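Since every read-out is calculated from the coordinates, none of them should be taken as a lab result. Since the model is a prediction, treat every value here as computed from it, not as a measurement. Positions of Cβ are generated from backbone atoms using ideal geometry, with glycine treated the same way; all protein chains shown enter the neighbour counts.
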Amino acid sequence: MDRRSVSYAAELRGILPRPVHGGRALLGIVGAPGAGKSTVAAAVAALDPASHTLVPMDGFHLADQALAGLGLLDRKGAPETFDAHGYAALLARLRANPDHTVYAPAFERDLEQPLANALPVPPSSSLLVTEGNYLLLEEPGWQDARNLLDEVWFIDVDPDVRRRRLVARHIQFGKSPAAAEEWVRRVDEPNGALVSAGRERADRVLDVSAWQLT
């Protein structure tokens, strides 16, 4: 871990929500695509791997087969391309802190598909960290999920940095530079505007521009 990682790890440690009466705290981390929310969420989980567990929202992407049937394949990543109610149901189950391991879905980046029952959440997890774009969206399903979280942090970053990250990410996963630019313009940026509209509803805003996240 380099010095800048140590500095922001210390900052994160000082602001974590605490479990009440031996229960489990649920922390949501939200931000526009490319803001760095996945990196921040992973950093929070890494502060105490024995008791912090990361369960990203991305496991509730609808599979391409379902998206094709709904005519939404070209909008993959928009709010309607997720199972928001299923996500809220999982959070409710985790909120109850059962005495057995709960298995959550993940999102496999190489396949660009959800993967069922991939993430174990043991009963020893005292902090559940979840991250995604739409945790502050005021729509059915998403509002239910928000109500189950103790805190939601909004991750802020310079818009130009965020956009460059997105283009590079799409190229990394197989798009041509021109296709990556077009996808960011047509899909990611409108989704980002929707996410940013909920910024004022967050419990905490973290400007991570100086953290040099990748």
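Some observations on this one:
- For segment 165-178, the set of residues classified as in a helix (DSSP H, G or I), surrounded by 13 or more Cβ atoms within 10 Å (Cβ to Cβ) and either in contact with an Asp or Glu (Cβ under 8 Å, 6 or more places away or on another chain) or without any contact (Cβ under 8 Å) to a residue 40 or more places away in the chain (or both) consists of LEU166, VAL167, ALA168, HIS170, ILE171, listed by residue number.
- Selection from segment 57-86 of residues that are under 12 Å from the mean Cα position of the chain (by Cα), crowded, with 22+ Cβ neighbours inside 10 Å and either closer than 20 Å to GLY198 by Cα or of a type in the set (S, T, N, Q) (or both): MET57
- Residues that are surrounded by 14 or more Cβ atoms within 10 Å (Cβ to Cβ) and either polar (S, T, N, Q) or under 17 Å from ALA78 (Cβ atoms) (or both) within segment 191-203 comprise ASN191, GLY192, LEU194, VAL195, SER196, GLY198, listed in sequence order.
- The set of residues in segment 94-119 that are of a type outside the set (A, V, I, L, M, F, W, C), exposed (fewer than 15 other Cβ atoms within 10 Å of the Cβ) and within 18 Å of the chain's Cα centre (by Cα) comprises TYR103, GLU108, ARG109, ASP110, GLU112, GLN113, ASN117.
- Some residue of segment 15-36 being surrounded by fewer than 19 Cβ atoms within 10 Å (Cβ to Cβ), touching a residue at least 12 places away in the same chain (Cβ under 8 Å), touching a strand residue (DSSP E or B) at 6+ places or on another chain (Cβ under 9 Å) and part of a helix (DSSP H, G or I): no
- Any chance ALA66 is in contact with a Ser or Thr (Cβ under 8 Å, 6 or more places away or on another chain) and either more than 17 Å from LEU137 (Cα to Cα) or not in a helix (DSSP H, G or I) (or both): no
- Test: ASP110 is in a loop (DSSP other than H, G, I, E, B) and acidic (Asp, Glu): yes
- Scanning segment 54-73 for residues that are touching a residue at least 40 places away in the same chain (Cβ under 8 Å) and either of a type in the set (Gly, Ala, Ser) or out of contact with any strand residue (DSSP E or B) (no Cβ under 7 Å at 6 or more places or on another chain) (or both) yields GLY59, ALA63.
- Any chance PRO140 is over 29 Å from ALA179 (Cβ atoms), not in a helix (DSSP H, G or I) and not basic (Lys, Arg): yes
- Among the residues of segment 67-87, those that are of a type in the set (Gly, Ala, Ser) and touching a Phe, Trp or Tyr at 6+ places or on another chain (Cβ under 8 Å) comprise ALA84, GLY86.
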